[in-house]
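Undergrad: I have a structure here, written as structure tokens, and I will follow up with some questions on it.
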Amino acid sequence: MFKTILVPLDGSALAARALPFAKRLARAGGARLIVVRAYLPADDALLLRVEYPEFSAAERADEDRETATAEFQSAVDGLRADGLDVEDHFVEGAAADVIFDVARSTRANLIVMSTHGRGGLGRVLYGSVADKVLLRVPVPVLLVPAGCTRVWTDVHPEPVLVPLDGSSLAAEALRPARDLAATRGGELLLLTVVEALPVYPYETPETVDALDAAHAAHAAQYLDDVAAELRRAAGPGVSTRIVHGDPAEHICAVARAARVGAIAMASHGRTGVSRLLFGSVTNQTLQHSTVPVLVYRPITVHRTASERAIEKIATATF
């Protein structure tokens, strides 16, 4: 379960969109909330010269730091006023480096952050920070995409959607997905999107239909086997769904139709989200999702007996 949750802020409303999700998880799980602000000293930018024309360059830099500190302290005070257990870190350095170092030193086991933000006073866009964080941290990251419209409630906890494609990599998302669903009090919705098989000129329509049917049957059996394995273990409820077509498109469509609270996916070990995986299912899902996306990059894998059984199913049946 998530007992230490880290949320980075940068003074922008975009970054602060991650806070409501982090707060609900912290309350539900009795977790400690680590709030971090990475601060880079300002150069004597035009914006600062316009805003503080009567100041010297050194005075403008001091004013910029004081403004950033006050913004951060106000956010921390608001969280403590809400009764949360908050530990704050205002650290000088590059955002991704600071987030990684604080996550490691505090033993955070979940990071909740927006995929978009900016430096104080609008100076620096930092859209690549989420990618750099995912590349380095060994813990799940709950990303709040720019198009997120989902608001979590405690009345009817929403399910967590887990897309599975038969690979052991995709199945690695099940562990953090179960933790998220258990913390929220919701269930897991396992989804397999069956893509059309390539058609070769020598194949007859009957052959193509038979292959498609066999492929769909294997996918259904795989999903049923994984669901059965999860039901045998103590944890949240499990339901399944199979659709046919483009994976990223249907993942987002099912997420909207089923009103899920989040999507949980694994990313490749050597990449983050936005660079080397450009065009991948994970990246496309992030671009179009209207709900938070829990992304997990497996490094060292510790599997339970149930998870080993799921991996055996994944490699043998689909």
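Each reported figure results from applying straightforward, stated rules to the coordinates on display, with no laboratory input. Model, not experiment: these values are computed from the prediction. Neighbour counts are summed over all protein chains in view; Cβ atoms, including those assigned to glycine, are modelled from backbone coordinates with ideal geometry.
Undergrad: Which FRET efficiency, nearest 0.05, do Glu63 and Asp85 yield, Cβ-Cβ r, R0 35 Å?
TA: 0.65
Undergrad: OK, next. Ranked by Cβ crowding within 10 angstrom, fewest neighbours first, how are Val112, Val281 ordered?
TA: Val281, Val112
Undergrad: Right, another one. On a full-extension model of 0.36 nm per residue, what is the gain between Arg256 and Ala214, subtracting their alpha-carbon distance, rounded to one decimal in nm?
TA: 12.3 nm
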